[in-house]
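Notes to accompany the following structure.
The values are calculated or read from the model by the stated rules, or taken from the named source; none is laboratory data. The shown structure was predicted, so the numbers you read here are calculated from the model rather than taken from an experiment. Quick reminder, even Gly has a Cβ in these numbers, built from the backbone with ideal geometry, and neighbours come from all protein chains shown.
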Amino acid sequence: MKPIKILLVDDDEDDFILTQDILRENPRSKNYELTWCDNYSDAINAMLKRRYDIYLVDYRLGKYSGIDLLHEAIRSNCLQPIIILTGKGDLKIDEEALRIGAADYLVKGEIDSFSLERSIRYAIEHHKALEALKASENKFRIIFERSKDPMLITDFEGTIYDANQAAAAFFETTHEELLKQNDRSLYISSLDRELFISQIEDKGSVAELEIDFKTAGGRIKTCSVSSFKQISQDGANESYHTIIHDLTYRKRQEQELLHLQKAAAFERIAKNIAFEIRNPLSNVNLALDELAICLKNQEESLLLDIVKTNTSRIAQLVTEFIASTQPTNLDIKTISASDLINGMISDVENSFSLSPDVEIPDEAVWLRADEEKLRAAFLKVIANAVEAEQDLAALPVFQISKTNGFLNIIIKDSGKGISQENLNKVFEPFFTTKPLNAGLGLTYARQIINGHNGQISIDSSEIGTSVTISLPLTEM
């Protein structure tokens, strides 16, 4: 085993000889190799070049002090341990040395072979432990920073101590802004956070807990969360180290599969309805035409017109139902997002005599889309928002943003809101809570937006409903 190399920094050669003699008295003295230098510059040069394993530094070094050398070593990132040698009654100096970063201090008049060897040995062992801890922390830091999964370090109170770049991107914000938040602001439901805290405090860890988070851009993301609690060595601090797996895409795929299965079922029903209803309706209409010839009374003719109008309405509903279950042919072209939004504004003005306040992004962005059908889909959504407003003169709120390669259009109303039970049904054909509504508007809108590889989602509370439409951007 190589001997441990020690450098004594002392401007008095007699102290070097004395220290050498003291060290030789120890049975383990052959494990150590003591060298001496008498000035500040040689000492700092040796420290910078890491020539020795440990340094014994006298507090008095001519015009400098051992504290000065300790300061310089710490600033220069000297990793080897430094033991300060002081005189009797220098308690304040000893405390200051430890506060700055000295491994230990020894009172020169009280040094013997065992106390000196013990201090050196413990300082070396402590240094090795710190080196191992730093290496472990560096590995964790590399994993933390380079992980593609969002990772957070938080505590019981919700303080966010750290987050990797993947987390900042996930929550659609910057690293600096994320650290300013309390983690409570990230949860859709406070009950989800209470469940997370309850599990991690009870078991010390959480495994694959499903939680809905919200981003700075207002998007809702369903995630699987795994976390463990870490307690500091002194037991004073506890932190939660959390990994977030985004399940939004998988959930969306599951919802899309369910939607496709429902659509297939609706299509079968539609065809049966077409066969079972259209033929009888045709016979009814023929009979009504013959009956109209026989009727001469104006009042009876009026009643006949009412019957014919309603049979025509039934036929129209059947046609719309069939259309809602069949794929829509899209005429896809590269269009400007600004043109699309301006067209949407024009449609709102023409249809509802309202002038919405919409802030159009200055930056030129592009979509691959069928503009005519997209505008029709938007109009269906906006019509629902306009009808939901309590104040007939009120306008839905429009928010336009661009995040992660998507153009996001959010349409908010201040109506009564939609119950959670009905939220799961709003895209189904013929589902409506309005007596004079066929319930096909959102079905059509979703079909068109899905055809553009986009997403449509609805969030609602007791006051107001928010519809978010996200469309993928393209390069011009």
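Would you mention how many residues in the range 30-63 are outside any loop (DSSP other than H, G, I, E, B), of a type in the set (Ser, Thr, Tyr) and buried (at least 18 other Cβ atoms within 10 Å of the Cβ)? Give the derivation first.
Taking the range 30-63 and keeping what is outside any loop (DSSP other than H, G, I, E, B), we get 30-37, 40-48, 54-58, 60-61.
Adding the requirement that they be of a type in the set (Ser, Thr, Tyr) leaves 32, 35, 40-41, 55.
Okay, now just the ones that are also buried (at least 18 other Cβ atoms within 10 Å of the Cβ), so 32, 40, 55.
Residues in the range 30-63 being outside any loop (DSSP other than H, G, I, E, B), of a type in the set (Ser, Thr, Tyr) and buried (at least 18 other Cβ atoms within 10 Å of the Cβ): 3 in total.
When each of 167, 123 is tested for being modelled with pLDDT of 85 or more, buried (at least 16 other Cβ atoms within 10 Å of the Cβ), in the same structural domain as residue 208 (by TED's automatic domain parsing) and in a helix (DSSP H, G or I), the lone residue that passes is 167.
Condition check for residue 79 on (1) within 15 Å of residue 44 (Cα to Cα); (2) not in a loop (DSSP other than H, G, I, E, B): one failure, at (2). Quick check, is residue 471 at pLDDT 85 or above and under 19 Å from residue 376 (Cα atoms)? So residue 471 fits the description; yes. Annotation: residue 158 fulfils all but one of (1) without any contact (Cβ under 8 Å) to a residue 24 or more places away in the chain; (2) surrounded by 11 or more Cβ atoms within 10 Å (Cβ to Cβ); the unmet one is (1). The set of residues from the range 341-368 being in contact (Cβ under 8 Å) with a residue 24 or more places away in the chain and either among the basic types (Lys, Arg) or closer than 19 Å to residue 441 by Cβ (or both) comprises 343, 344, 347, 348, 351, 352, 354, 356, 368. Per the conditions (1) in a helix (DSSP H, G or I); (2) under 26 Å from residue 21 (Cβ atoms); (3) among the polar types (S, T, N, Q); (4) under 41 Å from the mean Cα position of the chain (by Cα), the sole criterion not satisfied by residue 138 is (2). Would you be able to say whether some residue in the range 229-240 is surrounded by 14 or more Cβ atoms within 10 Å (Cβ to Cβ), farther than 23 Å from residue 423 by Cβ and free of Cβ contacts under 8 Å to residues at least 12 places away in the same chain? Looking through the range 229-240, none of the residues is surrounded by 14 or more Cβ atoms within 10 Å (Cβ to Cβ), farther than 23 Å from residue 423 by Cβ and free of Cβ contacts under 8 Å to residues at least 12 places away in the same chain. Is it the case, given these coordinates, that residue 102 is farther than 20 Å from residue 117 by Cβ, crowded, with 17+ Cβ neighbours inside 10 Å, small (Gly, Ala, Ser) and modelled with pLDDT under 90? Criteria not met by residue 102.
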